[in-house]
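Before I ask anything, here is the structure I am working with.
The values are calculated or read from the model by the stated rules, or taken from the named source; none is laboratory data. As the structure is a prediction and not an experimental result, all values here were calculated from the model. Virtual Cβ from ideal backbone geometry, glycine too; neighbours counted across all protein chains shown.
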Amino acid sequence: MSILTSKPALILLGCVAAYLLPYGLNSYSMHVVDIAIIFALLAIGMGLVMGVAGQINLAQVAFFGVGAYTTAILTTHSGFGFWTAAIVGLAATVLVGLLVGLPALRMQSHYLGIVTLGLALGFVNWITNAEITGGADGISGIPVPPFFGIDLADEYLYYYLEIVVFGLALAFGTFVVRTRLGRRLRAMRDDALAAGAMGAEIPLLRMTAFMLASVYGGAAGILYAGLIRYVAPETFSLGNMFLLLAMVIIGGRRSLIGCVVGAVGLVLIREALVDFAVYAQLGYGIVVVLMVVFAPTGLAGIPRRVREAVGRRRKNDDVRSAELGPYLPGPAPAAQVPESGADSGPALEISHLTKRFGALTALDDVTLTVRQGEIRGIVGPNGSGKTTLFNVISGLYRPSAGQVSGVGRDISRARPYQLSLAGMARTFQNLRLFSQMTVRENILVVLDRSRTSTVWQYAVWPVGVLSNEHRLQAEADRVLKEYGLTAFADAHPQSLPYGIQRRIEIARAMAGRPSLLLLDEPAAGLNGEEVGQLSSIVRSIRDQGVTVVLIEHNMGLVMSLCERITVLAAGSVIAEGSPAEVAATPEVIEAYLGDSAPADIPVHAAPEVP
Amino acid sequence: MIPMRARSRHIVAAPAVALGVLLAASACSAPGDSSSDDADSSGPIKLAVVDAQSGQLASLGDWEAKGAKLAVEEWNKKGGIDGRKIELTVFDDQGDPTTGTNIARKLDSGNYVAMIGTAESAVTVAMAPILKQAEIPNITSGQATALVDVKSPFLFLNGPTSTTYDSTLADYLVTTKKFKKIAMISNNGSYGKGEHDAFTAALKEAGITPVTDQVVTTDQKDFSASLSRIRQAKPDAIFIGSEEVEAGLIVKQSRDLGITAPFAGAAPQGTPVFIDTAGATNAEGTIVSSPYLSNEISDASRAFATAYKAKYGKDAELHGAKAYDGTNIVLTALKNSGGATGKKLADEIRATKYAGLLGNFAYDETGVGIFRTTIGIIKNGKLSAAQ
């Protein structure tokens, strides 16, 4: 139940310290602190877009500049009041943020870095040459922000304005990170493809990330304009962009507090070393390299790494010693399975589906129908097109020809997140859990069935987000208990044994209360006991009214569990029917087992699981 | 014990209320700098040089610091001011305005009486409001008109503004040489654009429109397209608004294209770097507008150049000379006022008449002390005053 943090005393202490700080500082130190807070705001924005959402953004300094320059231009040229100009400035920054975010829809990682870097360069060139920005001379004479009779020309009083804005910004950032938007952003960072299949609208999330970064950049720019009351191109140079990058990397980009520590720390160190600037620059470079190599999670990640190292040495890590709990089927809700429209047609209907990759035909005229409430097995040799079939059904690939309909409509052209929200869930052959999130968070990502476009709630009505959050947490507890994962709720998936990770994938898929579940080799890597547990889980899921389609190589499991089996070979359906019928089909024996004796297909050999 | 597992709503509310109460209280007793501004009048007099010592502008900053140090050393050798030694500290602004404002606050806290620098107009403008508030006079080496627009009574220039460079040059070309057809080539960087705008304005004043106005980029290496246009226009003279190396390349390539008209420009075109890049023959006849044509221009400049060479082992140049002049003006004002500070010192600087390397300084209320440059012409690879 830790929404902000479980330590209100610490927060209160921080507030008192922040309030008392100016009483102990001379005017020079006060100025440096004022500057440090502005950089901390910028760093939080960077942390949100880079650390939380995983979008490389080297244009943060341009957001900073747009906020500062818009305020400067509107107050000095157009005679706007400071705060009116500030609001327009923030709006302008958000627009620029969305514009800079556009390339992220098409490219990622270092390509995105290059494009955003180019945009930042373009901005500096523009302000150096444009008439309205005063060229290289910049814009001076920005008025002191009026504030209910408080003289903000006094940098001590300005500090209080800054610290309140900063406090609100940090609280809002933390709120975003720890609630549903932040979970989706982090899920996207860890695995964009899986996040999409779990209901996250990736393009919209990427734009949201850039928008968040631009709001923080714009706010920092406005505060800068009000503090220095002069803007010039040098302030928004690439040199400062890399300084900002160093702050975020040294501090720890995945933790907002880390970003703040990095920013404040580096501003203070830079000030202390101002007389050794040449060596200091070199020093930052070395520190950044060392951080990336030895502590990729930055300063913020060090406590956890130490704790983990100590835990390994003691070997009494409670997570490792914990046992996977038994599966406790829920009270068969079947809430999501509409019984309306009697019999409501097949759960999944594929007709004449073809998928080509260039000259390769992966699926060739596949037709198959899965009844409601059926457990369907799909088998076939490696490379026969099973996973491709799943990828087409779940919207990762577009079919080259043919139709797919399921979850009540034609889904040939639907996007993965639409299918997820409509009631389709899947697991992946190679586990695709969100590795930097806890097990509970993995579940929570899917429990949240809201459209990403409801992020407006964050700006307008955060209380709604919070009450929704309480409901989601309660549901997460239920899902964790149901799948026997309560003991691992706060562990990171990659620290857990393989069998447990498989269980988490199924729990995660089922958290969205789907009507159709696709399992891609759910038994791969499981021991005999675990396969038995899996079998009972799948049956129970079906008993709740969910249609299950599974790809599996474990023939024992398939033969005992599935009511009907479809056999693929070289992209075509070569047989379909009950396990016994399929096992007797000569084509299957030939394709699957070669010419050798068919006798040992273990039709009845699989043990009945309890 | 404080309950560590309070409900989240209380977590949000408690600090917010606390902060609100504290903020309300802050209206009564605002924090502030309690250290007094009383400079003690017995210890050394503290002067600051603020300039980029690292980054792209480091060489400029280094020249400036050398000039200022030389002046302070000479004064200290003569016994300082009223028996007080002068202490000069160099601060590195890294060419960054924000760092500049930090240093401005530091000068205030450290009771510095005056500041020399910076060479970067943007940094100086950013520092100006703080220095004005702290009443620390500042003699800058910048030449942008933005410095004058700041209208701070504590800000002075140690040279002419860029407008002066270009109006002197335009006046010489149009009135003295009677040139009618003037072509322009400048780059789109901050220096080039400033020169372009100032020279265009000066020409307009003289009633001349350039026959062609070519703009190149700062990193361009081949100028044949622009130069062909200039050749077609058959100008009497060509104005260059560009830094040393690029200007040298432009002159070299235009001679290759058969352009024979003389080039004209501001201080960069008088430097050895420019002459070396263009080649002495190609640069022959280039008209230069500069307040400090060379180390050989007067007895004072020869003495300065000799002392500079003796101390640093390098040839003196314009920026060192400007900082040397500026430092001398501050020290003269300090001496005349008996070690005054703040507003009194600023007034004293404004009243100081000083015969320096760049000419006779006499400040007006805008903080500009020099209103003319000298026209020089390159002959046999050396810059000398025009006859």
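Pick from A:Val264, A:Val260, A:Val278, A:Val231: which is within 12 Å of another protein chain (Cβ to nearest Cβ) and under 24 Å from A:Ala169 (Cα atoms)? Before the answer, list the steps.
Working: A:Val264 fails: within 12 Å of another protein chain (Cβ to nearest Cβ); A:Val260 fails: within 12 Å of another protein chain (Cβ to nearest Cβ); A:Val278 fails: under 24 Å from A:Ala169 (Cα atoms).
Criteria check complete, one pass: A:Val231.
Do we have A:Arg413 as farther than 25 Å from A:Ala570 by Cα and modelled with pLDDT under 90 here?
On the way: farther than 25 Å from A:Ala570 by Cα: no; modelled with pLDDT under 90: yes.
For A:Arg413, the condition - farther than 25 Å from A:Ala570 by Cα and modelled with pLDDT under 90 - is not met.
Just checking, which of A:Gly251, A:Gly265 is within 27 Å of A:Gly54 (Cα to Cα) and buried (at least 19 other Cβ atoms within 10 Å of the Cβ)? Steps first, please.
Values: A:Gly265 fails: buried (at least 19 other Cβ atoms within 10 Å of the Cβ).
Of the residues listed, the single one that is within 27 Å of A:Gly54 (Cα to Cα) and buried (at least 19 other Cβ atoms within 10 Å of the Cβ) is A:Gly251.
Which residues, taken from region B:157-183, are surrounded by fewer than 24 Cβ atoms within 10 Å (Cβ to Cβ) and either touching an Asp or Glu at 6+ places or on another chain (Cβ under 6 Å) or over 30 Å from B:Ile116 (Cβ atoms) (or both)?
B:Asp171, B:Tyr172, B:Val174, B:Thr175, B:Thr176, B:Lys177, B:Lys178, B:Phe179, B:Lys180, B:Lys181
How do the strands (runs of 3 or more DSSP E) wholly within region B:126-200 filter down when requiring 2 or more residues that are more than 14 Å from chain A (Cβ to nearest Cβ), modelled with pLDDT of 90 or more and over 14 Å from the mean Cα position of the chain (by Cα): which remain?
Working: elements: B:138-140, B:155-157, B:182-187.
So the answer is B:182-187.
Sticking with this structure for a sec: Go through (1) outside any helix (DSSP H, G or I); (2) within 14 Å of chain B (Cβ to nearest Cβ) one by one and return the number of the condition A:Leu58 breaks.
With respect to (1) outside any helix (DSSP H, G or I); (2) within 14 Å of chain B (Cβ to nearest Cβ), A:Leu58 is out only on (2).
Another one. Take region A:141-174 and flag every residue that is among the β-branched types (Val, Ile, Thr) and not in a helix (DSSP H, G or I).
A:Ile142, A:Val144, A:Ile150
Restricting attention to region A:172-193, which residues are within 13 Å of another protein chain (Cβ to nearest Cβ) and either over 21 Å from A:Tyr224 (Cβ atoms) or in contact with a strand residue (DSSP E or B) (Cβ under 7 Å, 6 or more places away or on another chain) (or both)? So that I can check it myself, show each step before the final result.
Step one: filter region A:172-193 for residues within 13 Å of another protein chain (Cβ to nearest Cβ), giving A:172, A:174-175, A:178-179.
Once the filter is applied, which keeps residues that are within 13 Å of another protein chain (Cβ to nearest Cβ) and either over 21 Å from A:Tyr224 (Cβ atoms) or in contact with a strand residue (DSSP E or B) (Cβ under 7 Å, 6 or more places away or on another chain) (or both), region A:172-193 yields A:Thr174, A:Phe175, A:Arg178, A:Thr179.
Collect the residues in region A:93-107 that are within 12 Å of A:Pro203 (Cβ to Cβ) and either among the small types (Gly, Ala, Ser) or in contact with a strand residue (DSSP E or B) (Cβ under 9 Å, 6 or more places away or on another chain) (or both), keeping them in residue-number order.
If the condition is that a residue be within 12 Å of A:Pro203 (Cβ to Cβ) and either among the small types (Gly, Ala, Ser) or in contact with a strand residue (DSSP E or B) (Cβ under 9 Å, 6 or more places away or on another chain) (or both), then A:Gly101, A:Ala104 are the ones that fit.
Looking only at residues that are outside any helix (DSSP H, G or I) and touching a Ser or Thr at 6+ places or on another chain (Cβ under 9 Å) in region A:234-257, which one is nearest to the other protein chains (Cβ to nearest Cβ)?
Initially, region A:234-257 is screened for residues outside any helix (DSSP H, G or I), giving A:237, A:252-255.
Next, from what is left, pick out any that are touching a Ser or Thr at 6+ places or on another chain (Cβ under 9 Å): A:252-255.
Details: A:Gly252: 23, A:Arg253: 23, A:Arg254: 22, A:Ser255: 19 Å.
Among them, the one singled out is A:Ser255.
Do you know which of the residues in region B:201-241 that are farther than 18 Å from B:Val288 by Cα and acidic (Asp, Glu) is nearest to the chain's Cα centre (by Cα)?
Restricting to residues being farther than 18 Å from B:Val288 by Cα and acidic (Asp, Glu), the top hit is B:Asp219.
Only helices (runs of 4 or more DSSP H) wholly contained in region A:403-515 count here; list those with 3 or more residues that are surrounded by fewer than 16 Cβ atoms within 10 Å (Cβ to Cβ) and not aliphatic (A, V, I, L, M). Before you say what the answer is, go through the steps one by one.
Details: elements: A:416-422, A:439-447, A:456-460, A:462-482, A:498-511.
Ranges flagged: A:462-482.
Select from region B:340-387 the residues that are surrounded by fewer than 17 Cβ atoms within 10 Å (Cβ to Cβ) and small (Gly, Ala, Ser) and list them in ascending order.
Once the filter is applied, which keeps residues that are surrounded by fewer than 17 Cβ atoms within 10 Å (Cβ to Cβ) and small (Gly, Ala, Ser), region B:340-387 yields B:Gly342, B:Ala351, B:Ala355, B:Ala362, B:Gly381, B:Ser384, B:Ala385, B:Ala386.
Go through region A:146-161 residue by residue and tally those that are closer than 20 Å to B:Ser109 by Cβ and buried (at least 16 other Cβ atoms within 10 Å of the Cβ).
Result for region A:146-161: 6.
Any chance you could count how many residues in region B:351-387 are of a type in the set (D, E, K, R) and either free of Cβ contacts under 8 Å to residues at least 40 places away in the same chain or part of a loop (DSSP other than H, G, I, E, B) (or both)?
Going through region B:351-387, the residues of a type in the set (D, E, K, R) turn out to be B:353, B:364-365, B:372, B:379, B:382.
In the following step, the residues that additionally are either free of Cβ contacts under 8 Å to residues at least 40 places away in the same chain or part of a loop (DSSP other than H, G, I, E, B) (or both) were identified as B:353, B:364-365, B:372.
Of the residues in that region, 4 qualify.
On to the next question. Given the conditions (1) in contact with a Ser or Thr (Cβ under 9 Å, 6 or more places away or on another chain); (2) closer than 21 Å to A:Ser435 by Cβ; (3) of a type outside the set (S, T, N, Q), which single one is not true for A:Ile551?
Here A:Ile551 meets the rest and fails (2).
Of everything in region B:87-112, what is of a type in the set (D, E, K, R) and within 7 Å of chain A (Cβ to nearest Cβ)? Give them in sequence order. First the steps, then the outcome.
As a first pass, look at region B:87-112 and keep what is of a type in the set (D, E, K, R): B:87, B:92-93, B:96, B:105-106, B:108.
Selection gives B:Asp92, B:Asp96, B:Arg105, B:Lys106, B:Asp108.
For region A:229-251, which positions are in contact (Cβ under 8 Å) with a residue 60 or more places away in the chain and among the small types (Gly, Ala, Ser)?
Answer for region A:229-251, where residues must be in contact (Cβ under 8 Å) with a residue 60 or more places away in the chain and among the small types (Gly, Ala, Ser): A:Ala232, A:Ser237, A:Gly251.
Please name all residue pairs, on different chains or six or more residues apart, with Cβ atoms under 7 Å, provided the first residue is in region A:381-403 and is more than 16 Å from A:Ser420 (Cβ to Cβ) and the second residue is of a type in the set (Asp, Glu).
The qualifying pairs are A:Thr387/A:Asp520; A:Gln403/A:Asp410.
Here's another thing I want to ask about it. Looking at A:Leu48, is it buried (at least 24 other Cβ atoms within 10 Å of the Cβ) and outside any helix (DSSP H, G or I)? Don't jump to the end; show me each part of the working.
Details: buried (at least 24 other Cβ atoms within 10 Å of the Cβ): yes; outside any helix (DSSP H, G or I): no.
No; evaluated as a whole, the condition is false for this residue.
Moving on. For residues that are assigned to a loop (DSSP other than H, G, I, E, B) and polar (S, T, N, Q), scanning just region A:94-136, find the one that is nearest to the other protein chains (Cβ to nearest Cβ). Lay out the reasoning, then the answer.
Filtering region A:94-136 for residues assigned to a loop (DSSP other than H, G, I, E, B) gives A:106-108, A:130-134.
In the following step, the residues that additionally are polar (S, T, N, Q) were identified as A:108, A:133.
Details: A:Gln108: 30, A:Thr133: 12 Å.
Only one residue tops the list, namely A:Thr133.
Do you know which residues across region B:201-245 are of a type in the set (Val, Ile, Thr) and assigned to a strand (DSSP E or B)?
Passing the criteria: B:Thr212, B:Val215, B:Val216, B:Ile238, B:Ile240.
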